[in-house]
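Where a number appears in this text, it was derived from the coordinates with a stated rule and is not lab data. Predicted model only: the values in this text are computed from it and were never measured. Note: ideal-geometry Cβ built from the backbone for every residue, glycine included; neighbour counts use all protein chains shown.
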Amino acid sequence: MMHRTQDTYSLTDLREKTGEHLSRLAEGAIETITQNGEAAMIVMSPERYDALVHAAERGHIWRAAIGRIEAGERGADAQAVVRELADEFGVSL
């Protein structure tokens, strides 16, 4: 689920309709909460946060691996990497 500008709510709305916000967050929504018309915080479920952190970590790992290969180091065996990723994501080959 992508973040959309219509997923922006005031802090007052968050206080008054907490249950509605929690329902949307449980479905994967990411909300921007404003205070005095300015973005004050981003709210998301713990699962969504963990997924974003994991994606960022994976990006860092890929950039480091590409840097090593560009520096002339030998890369990992492609078949082994594909098997590892398939296992990680629960995909059978």
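Numbers below:
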{"quantity": "Shape of the range 5-44, Cα gyration tensor, a/c cut at 1.5", "calculated": "oblate"}
{"quantity": "Built amide H within the under 5 Å cut-off of T34, gap 5+", "calculated": "Y9, S10, L11, A40"}
{"quantity": "Order of T8, T34, T18 under a 10 Å beta carbon neighbour criterion, fewest first", "calculated": "T18, T8, T34"}
{"quantity": "Loop-located trypsin sites (Lys or Arg not before Pro) in the range 6-93 whose Cβ has at most 16 other Cβ within 10 Å (DSSP)", "calculated": "K17, R74"}
{"quantity": "The range 47-61 - phi-based ³J(HN,Hα) in whole Hz, Karplus 6.51/-1.76/1.60, Gly and Pro as x", "calculated": "5, 5, 4, 4, 5, 5, 5, 4, 4, 5, 5, 4, x, 4, 4"}
{"quantity": "Whole-number D in µm² s⁻¹ for the chain, Kirkwood Cα-pair radius fed into Stokes-Einstein, 25 °C, 0.890 mPa s", "calculated": "150 µm²/s"}
{"quantity": "Loop sites in the range 1-73: GluC sites (Glu not before Pro), DSSP, at most 14 other Cβ within 10 Å", "calculated": "E27, E73"}
